[in-house]
Amino acid sequence: MDVIPPPLEQLIKELTKLPGIGKITATRLALYILRKPADNALSLAETLSSLHDSIQLCSTCFAFSEHDPCAICSDQRRNHRVICVVEGPGDLLAIEKTSSFHGVYHILHGVISPLEGIGPKELKIKELLERVRDTEVEEVLIATNLTVPGEATGSFLIDNLQQYPVKVTRLACGISMGMDIKYADQHTLARAIAGRQNFS
Amino acid sequence: METESIILRINDYAESDKIVTFFSPHIGRATAIAKGAKRSKKRFVNKLEPFTHLRINCRPPKKGSLFFLSNADLENAFLTLRHHYQRYTTAAFISELVLLFTRDHDCEPRLFELLRWAYYSLDRGRSSSTTLAIFMIKLLQYTGYQPELSRCAKCKTIVYPKQRYYFLPESGLTCNSCRSGEDTTGYHFTIAIRTIRLLHTTQRMSISHLNRLHLPKSSSMEAVFALSRFCRNILQQDLHALEQVRTASNPFPMTA
């Protein structure tokens, strides 16, 4: 005798395919969906099934968008000569929240990770190089994360962008706002000193 | 327990934890969970990154095989590995080889020393192919897969300069006479006498003397190519990072 009805088991199996969801969490979520009114489950199912039809990748910056080009790429008030390169859509949102960047973006959709078999060809790097080559770009701001794969990807981009007449910049790295320098790690502090600003 | 370790792989886990696979002289290869590592501002900040050499405090598992990582102090971050793409891909390939050639909690202090030597060597700017060739031949030695390099693996005749040699993925060093009876589908490549001798010398050297070795670029490239095929045959699986090492100098030929 099946303890869990097959449709419920199927839902649990599908939910465990999501990142960070184990079998226990998947069971909890599946039971929650089952306990709530059928309309809620239907609404969730409809939203999920229409997701891939309604969202696409912007052909210029590769952000997820309902339209192509996306809202940022089609905004003429933005500076299209400055491209900020980020790892993923979440990084774009973080930079947009600052309201400090008025250029456009390029999303790589990951970082170079040889252990997982992800190389430059698996990312939107070739598209970035072609974009820089074919459009009037003055500056490329590399905003990959300051992790080992993020920095290695940034270094790879810097090396490959040297062949084009563009200014290549990197996000500054240093002490966080409100942090006591006594608690900063030696590498961050060393970078903050190396990247100090001139106010005279 | 407190031990030195080198990080081989990092994976995010749940909201703020990290799963860390490391190699230590006392535990061998092991995996630990670092709770709250992604939010940590003191215990783990900038430390739990691939290739870093740490001094860690960890608790053995009560059940299962997952250690609990409670603290880490940075010994060396090998910072240049992240700023030079070729060094980065080579370091990743070295990590992949250690992950594949070792088992959990299989202690081999010489392998830890070799891994540390390889990352120091890359960090100080030594040629990636030379470091990799030396690392691979010593790794095979320490893990029990040392290929015979003084004589033909089939007829056992001692290597002599006038003979032509192949390094076959299945058997290792093979002389031309023995190879003629083998499969000749065209994917077997010769290996120069000079390369064979340099690799044989490397096998006999201790880790503390490895810095004295000088391998010409042609020999080290040839050795990496031959040893990669040999490793792939032992492991019976593809090596992910190898493709990135191979194409590191020019991954986009058409845009260059």
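Tabulated data
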quantity	calculated
Odd one out for B:Tyr88, checked against (1) closer than 24 Å to B:Thr247 by Cα; (2) surrounded by fewer than 21 Cβ atoms within 10 Å (Cβ to Cβ); (3) aromatic (Phe, Trp, Tyr)	(2)
Residue count for the range A:1-32, restricted to those that are of a type outside the set (Asp, Glu) and not in a helix (DSSP H, G or I)	11
Qualifying residue in the range B:131-141 (condition: part of a helix (DSSP H, G or I), in contact with a strand residue (DSSP E or B) (Cβ under 8 Å, 6 or more places away or on another chain) and open to solvent by 10 Å² or more (accessible area, probe 1.4 Å))	no
Restricting the range B:80-96 to residues that are more than 7 Å from chain A (Cβ to nearest Cβ) and in contact (Cβ under 8 Å) with a residue 60 or more places away in the chain, the residue that is nearest to A:Ile158 (Cα to Cα)	B:Gln86
Where a residue in the range A:113-132 is open to solvent by 10 Å² or more (accessible area, probe 1.4 Å) and its partner, wherever it lies, is basic (Lys, Arg) and not in a strand (DSSP E or B), with Cβ under 9 Å and at least six apart	none
Subset of the range A:169-194 that is under 24 Å from A:Val86 (Cα atoms) and more than 14 Å from every other protein chain (Cβ to nearest Cβ) - its residue that is least open to solvent (accessible area, probe 1.4 Å)	A:Thr169
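The values are calculated or read from the model by the stated rules, or taken from the named source; none is laboratory data. A quick note: this is a predicted structure, and the numbers were derived from the prediction, not measured. Heads up, the Cβs are rebuilt from the backbone with ideal geometry, glycines too, and the neighbour counts pull from every protein chain shown. Accessible surface is based on the protein model in full, side chains and every heavy atom, while ligands, DNA and RNA are left aside. Shrake-Rupley method; radii C 1.70, N 1.55, O 1.52, S 1.80 Å.
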